[in-house]
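Shown next, in structure tokens, is the structure this report addresses.
Please treat every number below as a calculation from the coordinates, not as lab data. The structure presented is a predicted model; accordingly, all values stated were derived computationally and were not measured. Methodologically, a virtual Cβ is constructed for each residue, glycine included, from the backbone with ideal geometry; neighbour enumeration extends over all protein chains shown.
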Amino acid sequence: MANELIAITILWGFVFIYSIMATMDFGAGFWSMIYLNREKTKATNIANRYLSPTWEVTNTFIVALVVAVYSLFPKAAYTLGTILLIPGSLILLLLAIRSAFLVFSNIATEYKKPLTYVSGITGILIPGLLISVLPISHGAFIDYRGGHPVLSLQKLFTSPSEYAFIGFAISSTLFLSSLLLADYSKTSREMDAYKVYLRDGKILGPLSVLMAFVIMLTLKTETPWLYTRMMEELPLLLTSLGFFLIGGLALFLPSYADKNIQGMPRIAVIAVTVQYFIASYVYGKAHLPYIVYPNITIQSGFTDPNSFMAVFATYIVGFAILFPGFIYFWSLFMHDKRYLRQKSR
Amino acid sequence: MMDNLLIARSLFGMTMAFHIIFATIGVGLPLMILTAELLYQKTKDTDYVVMAKRWTKTFAVLLGVGIPSGTIAGVQLSLLWPGFMETIGRVMPLPFQIEIYAFFIEALFMSIYVYAAERIAPWMRIISLTLVALGALASAVLITNVHAFQGTPAGFRYENGKFFDINPWEAFFNPSFFVTAGHVALSAYVVGAFVVASVAAFKMMKNKHGSRVYLFHQKALVVSLVLGGIFSLLTAVNGHESAQYLHEYQPEKLAAAEGLFETQSHAPLAIGGITDRETQSVKGAIEIPWVLSFLAGNSFDTVVVGLNDFPEELWPPLFIHTLFNAMVGIGSLLILIALLGIVWKKLLKKDRFPRWFLWVLVLSGPLAVIAIECGWIFACSGRQPWVIYRVLATADSVTSATNLGVLFLAFFSVYVLLSITVVVVLRYFFRKHTELDDLQKAESRA
């Protein structure tokens with residue numbers, strides 16, 4: 001495989017991992033706000049139990065992602081930095097308020113409600129803005145003035161596909177996070193919270209698939225080159241849809257281990273993650289070789305070969321060092337019954 | 001209309017000035033917490049457990065602002081300075097890359113230390129905390145390495161606007177890496193220690209002499225003075241070396257820092273005063289003959305290059321002389337404060353500090369923060385007009401996008417909002433959870 005392809009695969013890996021973790025993170029923050037006044041179900045507690053130890057780690061992935069862009073594709077970073085000034089700054093501002101108020105809401109317990117509302121609402125807006133990077137990279141909203149790329153906000157915010165992407169991001173965020181929290185509350189044996197999140201998952205699943213279809217429809221008229229190339233992989237797209245159906249089925253069938261409980265959320269989480277994985281692969285493959293259509297490709301944006309080798313080496317060493325840390329972290333917060341089944345405060 | 005470059009610099013400068021407070025305390029405080037944990041293991045005095053617990057809480061709240069503001073700083077680099085990051089991405093990607101791993105280690109083990117404390121063995125808790133402190137330190141060192149590279153670029157050949165023979169590891173180990181990163185790391189420990197000293201001294205004034213709470217804060221004060229003293233001394237030694245590096249690698253920066261216009265041996269050291277462009281002198285300064293030459297090269301006949309050897313458009317701004325003086329002045333004062341406190345308490349075995357000295361101690365934390373702010377502004381303004389010394393001009397790396405003024409206001413408002421809320425939240429929390437409660441809880445558990 002050419003170096004450029006390895007590099008874009010690494011980058012895509014980061015994008016995928018971050019988008020899954022971020023949907024869980026921002027979604028959990030939103031649910032913790034929604035169920036704030038329904039103390040009996042413990043739905044808020046479950047969301048916070050997941051969120052408190054993980055948000056910092058999730059946040060690190062977005063920095064890792066940005067660093068990967070400029071160390072692997074510095075020339076693309078130039079164009080991206082220029083056109084993303086406004087949306088990027090908005091994301092940063094929302095992220096700052098969201099993270100800070102998330103921490104504050106756990107510290108200043110008497111003011112938990114207003115603080116949680118601020119972090120929940122700012123948090124759910126972020127995925128919508130983050131995903132806007134994709135339609136922007138399709139190139140149609142970029143003007144060139146005196147050789148410099150300029151993002152036309154007017155074109156962006158009058159485009160149906162931008163809104164399709166935003167709707168998809170928000171519904172997916174809520175869908176994935178409700179599945180994860182369903183699984184989390186089931187493992188924690190909080191059955192009231194489990195029922196709440198199971199129901200949310202059943203509603204949001206079809207909604208997010210619907211939004212995916214809307215994206216395809218808008219792409220067909222607005223970005224035909226991308227649409228045609230995605231449709232060339234129709235079998236894969238159908239496989240992705242198949243995994244969605246498996247995930248949906250897992251929510252309705254009785255549990256394999258205990259016939260009295262409806263749903264197997266663990267299987268649903270895995271199936272839906274595979275669904276998104278395949279779909280994002282098809283999208284990413286169709287997008288190649290362009291990073292920003294039509295001027296920046298993975299070849300023209302690529303870094304110096306020496307630098308690539310050095311960065312690649314640090315990825316391997318870094319991953320080897322961090323892997324045990326991630327396993328330990330996972331075992332303490334996702335697997336340890338003492339943490340999961342603690343008495344809710 | 002302010003021009004684009006100036007707004008971009010102001011915006012990024014504001015981000016850094018805001019972030020650096022949280023980042024520096026975020027590096028300094030874990031070492032204090034670790035020290036308290038280790039002192040507890042040694043003495044079995046539960047006061048140290050309470051200290052570690054309360055500092056950890058503070059640390060966690062500050063991270064709530066420090067992490068997102070650090071994220072802003074990292075991303076804003078690409079948004080505001082795309083030309084700079086394009087070059088850094090090609091030549092100097094390693095520090096940012098490795099910093100991510102340090103960042104991950106800090107985030108993973110911080111959560112483990114805070115949320116899994118009761119479920120893991122004490123030795124594992126100490127290891128987790130050590131990894132948090134090391135992760136924080138490594139992030140600071142690595143990010144500073146990029147700053148070092150901006151002053152002493154290495155690892156490439158630059159001809160006609162193009163880069164050749166790129167060697168990213170040579171760039172990583174650029175000449176001023178160790179001395180610059182060392183300065184930032186050591187001074188962060190100074191800030192961590194004196195911020196704690198400030199709070200402890202304030203609480204000692206508020207509480208009755210000899211009371212339980214008073215004695216608790218006195219212990220915290222002694223720990224912070226000892227660590228603060230050691231690290232401010234080391235920072236000074238390292239600072240001297242940093243100045244010698246300027247003499248060797250960025251002579252015009254040293255000349256502007258010292259207000260020296262004429263190249264000369266036996267150059268005098270100007271302390272204080274304001275550099276005046278018209279008369280080419282430092283007005284109102286105390287001049288100590290020969291000393292600058294000695295400081296720059298360890299001998300009085302060292303020739304120190306003056307500003308007049310450079311075209312005026314390449315001069316750094318002359319106000320950096322004042323910033324440099326403030327940094328060095330406060331640094332020296334902090335050494336003195338720590339020494340005085342330790343001598344008074346440990347050698348003379350005095351029972352209590354005079355009230356005026358407690359006030360000085362209360363001021364020491366804010367002064368330490370002012371010193372690092374001055375240091376950073378000095379270091380970055382002193383490199384102007386370059387963003388990478390003699391390779392890339394700041395003006396050539398700025399974004400082509402306009403209307404940055406609105407963004408400036410938006411970020412300014414968010415920083416103000418976060419500054420106010422973080423103080424309110426900390427005050428609220430510690431009013432509700434008093435030292436006395438914590439101390440009694442810890443004793444009943446022991």
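Structure values in brief
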item: Stokes-Einstein D (µm²/s) once Rh is taken as the Kirkwood radius of chain B over alpha-carbon pairs, at 4 °C in 1.567 mPa s; result: 55
item: The stretch A:245-289 shape via C-alpha gyration tensor axes, a/c threshold 1.5; result: prolate
item: A:N260 paired with B:A121, simple spin-label distance in nm, labels 7 Å along Cα-to-beta-carbon; result: 4.0
item: At R0 = 25 Å, FRET efficiency that the Cβ-Cβ distance of A:L207 and A:R341 yields, to 0.05; result: 0.20
item: Rough spin-label spacing in nm, given labels placed 7 Å along Cα→Cβ, for A:Y111 and B:L347; result: 4.6
item: Cβ neighbours within 10 Å from other chains - mean over A:142-154; result: 1
item: Along principal axes, Cα extents of the protein assembly as shown, largest first, whole Å; result: 85, 72, 45
item: Scaled radius of gyration (Cα, divided by 2.2 N^0.38 Å) that the stretch A:3-340 gives; result: 1.02
item: About the Cα centre, charge dipole magnitude for the stretch A:53-147 (Lys/Arg +1, Asp/Glu -1 at Cβ), debye; result: 60
item: Residue exposure sequence - B:F156, B:F310 - by fewest surrounding Cβ within 10 Å; result: B:F310, B:F156
item: Formal net charge of residues neighbouring B:G331 (Cβ-Cβ distance under 15 Å; K, R +1; D, E -1); result: -2
item: Relative exposure of A:Y184, B:Y115, judged by other C-beta atoms within 10 Å (fewest first); result: B:Y115, A:Y184
item: Net charge dipole size for the protein assembly as shown [Lys, Arg +1 and Asp, Glu -1 on Cβ; Debye, nearest 20]; result: 3820
item: Helix-only mean residue ellipticity at 222 nm for chain B, each DSSP H run of n ≥ 4 adding -39500 (n - 2.57), per residue, nearest 500; result: -25000 deg cm²/dmol
item: Acute angle (nearest 10 degrees) that the helix B:4-43 long axis makes with the longest principal axis of chain B, alpha-carbon atoms; result: 40
item: Dipole moment magnitude, nearest 20 debye, chain A about Cα centre, only Lys, Arg, Asp, Glu C-beta charged; result: 1140
item: Segment A:M334-A:Q154, length gained on full extension (0.36 nm per residue, minus Cα span); result: 60.4 nm
item: Using θ = phi - 60° and Karplus 6.51 cos²θ - 1.76 cosθ + 1.60, couplings along the stretch B:178-189 (whole Hz; Gly, Pro as x); result: 5, 5, 6, 5, x, 4, 5, 5, 5, 5, 5, 5
item: Surrounding net charge for B:L292, when Lys and Arg each add one and Asp and Glu each subtract one, Cβ distance under 13 Å; result: -4
item: Translational diffusion coefficient (Stokes-Einstein; Kirkwood radius from C-alpha pairs) of the stretch A:125-224 at 10 °C, 1.306 mPa s, in µm²/s; result: 105
item: Interatomic Cα distance distribution for the stretch A:164-310, bins of 10 angstrom, percent; result: 11, 33, 26, 18, 10, 2
item: Given charges at Cβ of Lys, Arg, Asp, Glu: the protein assembly as shown dipole, positive-most of B:L336, A:M264, A:N59; result: A:M264
item: Charge sum, other residues only, whose C-beta stays under 15 Å from A:T158's C-beta, Lys/Arg counted +1 and Asp/Glu -1; result: -2
item: Sites B:K42 and B:L340, calculated FRET efficiency, Cβ-Cβ separation with R0 30 Å, nearest 0.05; result: 0.70
item: Backbone HN-Hα couplings from phi across the stretch A:29-42 [Karplus 6.51/-1.76/1.60, Hz, Gly and Pro as x]; result: x, 5, 5, 4, 6, 4, 9, 4, 8, 10, 5, 5, 6, 6
item: Distant-in-sequence amide H partners of B:F261 (H built 1.01 Å from N, under 5 Å); result: B:L307
item: Cα-based shape type of the stretch B:92-201, given that a ≥ b ≥ c are square roots of the gyration tensor eigenvalues and the cut on a/c is 1.5; result: oblate
item: Two-decimal log10 I(q)/I(0) for the stretch B:156-222, as the Debye equation yields it once each C-alpha is a single scatterer, q = 0.13, 0.23 Å⁻¹; result: -0.58, -0.91
item: Ratio of the Cα radius of gyration of the stretch B:1-95 to 2.2 N^0.38 Å, where N counts its residues; result: 1.53
item: Amide H contacts under 5 Å for A:I296, placed H, 5+ residues apart; result: A:I291
item: Karplus 3J(HN,Hα) series, Hz, for the stretch B:251-258 with 6.51 cos²θ - 1.76 cosθ + 1.60 (x for Gly, Pro); result: x, 5, 6, 5, 4, 5, 4, 9
item: Cβ-based exposure ranking for B:S299, A:S255, in which fewest neighbours within 10 Å come first; result: B:S299, A:S255
item: Farthest toward positive dipole pole in the stretch B:1-74 [+1 Lys/Arg, -1 Asp/Glu at C-beta], among B:P68, B:Y48, B:L6; result: B:Y48
item: The stretch B:146-243: trypsin sites (Lys or Arg not before Pro) in DSSP coil with no more than 13 other Cβ atoms inside 10 Å; result: B:K208
item: With Cα atoms, 0 to 90° folded angle of helix B:122-151 axis to chain B main axis; result: 20
item: Volume in Å³ per residue [convex hull over Cα atoms, computed for the stretch A:1-114]; result: 106
